[in-house]
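Single-structure report; data block below.
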Amino acid sequence: MGWLWDLTHDKQGGLDTLNVILLSLAGLHVVAFGVWIFLVLTQKPTRIRDKVDLRDKGD
């Protein structure tokens with residue numbers, strides 16, 4: 001794990017501004033992916049009566 005610390009921290013041990021932005025964006029992507037998986041797994045199948053009939057009724 002030392003390589004990860006060296007990659008993300010400067011010589012004084014603090015995070016660079018660019019690294020903070022990139023790590024934040026990566027974290028947001030991970031959260032969005034988790035939300036997407038949750039929504040896909042909890043989605044209910046469409047019922048026949050819920051579908052919209054797009055055919056012309058000929059009023």
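Computed values, structure above
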quantity	calculated
Given charges at beta-carbon only (K, R positive; D, E negative), |dipole| of the chain in Debye	460
Fraction in percent of alpha-carbon pairs per bin - 5 Å, the chain	4, 14, 12, 11, 10, 8, 8, 7, 6, 5, 5, 5, 3, 2, 1, 0
Ranked by how many other beta carbons lie within 10 Å on average, peptides 16-28, 37-49 from highest	16-28, 37-49
Rough spin-label spacing in nm, given labels placed 7 Å along Cα→Cβ, for residue 49 and residue 28	4.3
Top positive-direction residue, dipole computed over the chain with Cβ charges, set 48, 26, 2	48
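Every read-out reported here was derived from the displayed coordinates using simple, explicitly stated rules and does not represent laboratory data. Treat the numbers as computed from the prediction; the structure is a model and nothing was measured. Backbone-built Cβ (ideal geometry, glycine too); neighbour counts: all protein chains shown.
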